Structures are given as C-alpha cells and as structure tokens.
1. Out of (1) touching a helix residue (DSSP H, G or I) at 6+ places or on another chain (Cβ under 7 Å); (2) of a type in the set (S, T, N, Q); (3) at pLDDT below 95, what's the single condition that is false for residue 56?
2. Quick one: how many residues across segment 139-163 are of a type in the set (S, T, N, Q) and within 21 Å of the chain's Cα centre (by Cα)?
3. Against the definition (more than 19 Å from residue 57 (Cβ to Cβ), touching a residue at least 40 places away in the same chain (Cβ under 8 Å) and hydrophobic (A, V, I, L, M, F, W, C)), how does residue 177 come out, yes or no?
4. What pairs come up if the first residue lies in segment 133-148 and is over 11 Å from residue 98 (Cβ atoms), the second is assigned to a helix (DSSP H, G or I) and hydroxyl-bearing (Ser, Thr, Tyr), and their beta carbons are under 7 Å apart, counting only those six or more places apart or on different chains?
5. Anything in segment 100-137 that is touching a Phe, Trp or Tyr at 6+ places or on another chain (Cβ under 8 Å) and β-branched (Val, Ile, Thr)? List them, or say none.
6. Please go through segment 105-147 and give me each residue that is of a type in the set (Asp, Glu) and over 26 Å from residue 82 (Cβ atoms), ordered by number.
7. Being among the basic types (Lys, Arg) and within 23 Å of residue 180 (Cα to Cα) narrows it down to one of 139, 151, so name that one.
8. Take segment 118-139 and flag every residue that is touching a strand residue (DSSP E or B) at 6+ places or on another chain (Cβ under 8 Å), surrounded by fewer than 18 Cβ atoms within 10 Å (Cβ to Cβ) and either of a type outside the set (Ser, Thr, Tyr) or part of a helix (DSSP H, G or I) (or both).
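The values are calculated or read from the model by the stated rules, or taken from the named source; none is laboratory data. Fair warning: this is a prediction, and the values are worked out from it, not measured in the lab. All Cβ positions, even for glycine, are placed from backbone atoms using ideal geometry, and neighbour counts span all protein chains on display.
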Amino acid sequence: MGTTDGLRGPEIWIRGPVTVPDPDASPGPGREPGPGPASTPYVSAATPRRFSWVATHGGAGSSTLAAVYGGHDSGREWPGSGDPTSVLLVARTHAAGLESVLRTLEVFRRGAAPAGLDLDSVVLVADAPGRLPRPLAQRVRAIESVIDVYRVPWVTDWRLGDLGGSPPRETAPLARLTGTAGGRAR
C-alpha cells in the first residue's frame, strides 16, 4: 500500500500529488478559525455513483455490464441529456476491441468528445477464456499506461444469458467502483 507523507487512506487512489491541510495553519485572510480536525467528526458527503457504460464497438458487453453492475447503458452512443456524464468505456480484449479503445481514448485526448463528459476508466471484457496472447497483453499494458483499466474475465454463465449471482471475484475493484452490493447494482 502506498503512503503520502506517512499518511494512509483514500489518497492512494488519486493520481498525482496529494496535499494534506496543516491543522495548525491559520485559516487565511477573511476566514474565522473553526474547530480543529480533532474536534470535528468526519462526515462523508459521498452520493451514490452514477455512470454510463459506452461500448467502443459492437458486442463489447456494455449491456451485460449495465445489467450486472448497474449504471446507464449508452450502447455505442455518447450519453444523452440527463444521462450520467461519468463514462466507463467498454471493449473486448480481441485486437479490434483494443484498437477501438485506443481510437476512443484519442477522441477524449483531442477534446473531441461531447462537452461535459468525464472519462473515468476503461473496462476490458475477455473475448475468450484463458490468457491473452502476448501481442494483445502488450496492447492492454499500453492502455493501462494512460488510464485506469478494469478487467472482466470470461463468464460462461453470462454468455448463456444467466446474469444472476455474484460477479466474478476478479472484478471486486470494478464492483467497488460501480457501487455493486452482493453482485447486484444498488
């Protein structure tokens, strides 16, 4: 587990430097001093996460992921007015799927995605059981070098249309990201 200035906590999930306010510092000009951190209980202002699954190609699995993890299934379209603006890009792990992710990431990099969308991460769904061939694994590493990637293994039950039960244990980080409880979306 990483540390920042000897502190442990949620800052490990943030890319880049993390600053921690100095409790002994003055409040600054025009501000009244308030109770210090020791006397103020921590209150979470978190709200349920809202996000849109966006397939980067046909058959990526966005509908299945939306059914299992919750969220809005945008299919191959950008989220519309009133849809969640936090985007999870979805692709299969075959060559065409990984290439489509790279093209879509380039759209975001150029600023050509619709205004107001927030690219959260990429979700790669296995296109077959077993390990990826080396060339595909190298492409996945290239994608992981620029954005957070969540991997979903091959799930035979999903292929057969059985979306019940808990998601695979390998997807626990994705379940935490999406706020899935007990395998079903909250």
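1. Every condition holds for residue 56 apart from (3).
2. Of the residues in segment 139-163, the ones of a type in the set (S, T, N, Q) are 145, 156.
Narrowing further to those that are within 21 Å of the chain's Cα centre (by Cα): 145.
Of the residues in segment 139-163, 1 are of a type in the set (S, T, N, Q) and within 21 Å of the chain's Cα centre (by Cα).
3. Numbers: more than 19 Å from residue 57 (Cβ to Cβ): yes; touching a residue at least 40 places away in the same chain (Cβ under 8 Å): yes; hydrophobic (A, V, I, L, M, F, W, C): yes.
Considered against the rule, which asks whether it is more than 19 Å from residue 57 (Cβ to Cβ), touching a residue at least 40 places away in the same chain (Cβ under 8 Å) and hydrophobic (A, V, I, L, M, F, W, C), residue 177 comes out as yes.
4. none
5. 122, 123
6. From segment 105-147, those of a type in the set (Asp, Glu) are 106, 118, 120, 127, 144; that's our starting set.
106, 127, 144, listed by residue number.
7. On the way: 139 fails: within 23 Å of residue 180 (Cα to Cα).
On inspection, the qualifying residue turns out to be 151.
8. So the first thing to find is which residues in segment 118-139 are touching a strand residue (DSSP E or B) at 6+ places or on another chain (Cβ under 8 Å), and the list is 118-127.
From what's left, surrounded by fewer than 18 Cβ atoms within 10 Å (Cβ to Cβ): 118, 121.
The answer is 118, and nothing else.
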